[in-house]
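The values are calculated or read from the model by the stated rules, or taken from the named source; none is laboratory data. A quick note: this is a predicted structure, and the numbers were derived from the prediction, not measured. Neighbour counts run over all protein chains shown; Cβ positions are idealised from the backbone, glycine included.
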């Protein structure tokens, strides 16, 4: 499993819309979910521009290219 940081508002802006890798090769999905919840609680307030998600290891990071 991977944890990625995404744009909370799903904007399409250069440098803002790119996914960022936070952690990878997390063996247990339950651990990844706990880590993700902790990150969102700490860094993703109601109007925060970032949000953290758990994705599969084969997920390719999205990079905005106009």
State the number of residues belonging to segment 46-63 that are farther than 19 Å from residue 2 by Cβ and touching a residue at least 24 places away in the same chain (Cβ under 8 Å). 2
Hits in segment 22-44 (condition: more than 12 Å from the chain's Cα centre (by Cα) and in a helix (DSSP H, G or I)): 29, 30, 31, 34, 38, 41, 42
List the residue pairs whose Cβ atoms are under 6 Å apart, where the first residue sits in segment 27-40 and is touching a residue at least 40 places away in the same chain (Cβ under 8 Å), the second is assigned to a helix (DSSP H, G or I) and buried (at least 17 other Cβ atoms within 10 Å of the Cβ), and the two are 6 or more positions apart or on different chains. none
Could you list, in sequence order, the residues of segment 45-56 that are at pLDDT 95 or above and either surrounded by fewer than 16 Cβ atoms within 10 Å (Cβ to Cβ) or assigned to a loop (DSSP other than H, G, I, E, B) (or both)? 56
If I filter segment 3-11 for residues that are free of Cβ contacts under 8 Å to residues at least 40 places away in the same chain, exposed (fewer than 14 other Cβ atoms within 10 Å of the Cβ), in contact with a strand residue (DSSP E or B) (Cβ under 8 Å, 6 or more places away or on another chain) and not in a helix (DSSP H, G or I), do I get at least one hit? no
Does residue 18 qualify as being surrounded by 14 or more Cβ atoms within 10 Å (Cβ to Cβ) and assigned to a loop (DSSP other than H, G, I, E, B)? yes
Condition test on residue 37, is it surrounded by 12 or more Cβ atoms within 10 Å (Cβ to Cβ), out of contact with any strand residue (DSSP E or B) (no Cβ under 7 Å at 6 or more places or on another chain) and on the phi < 0 side of the Ramachandran plot? yes
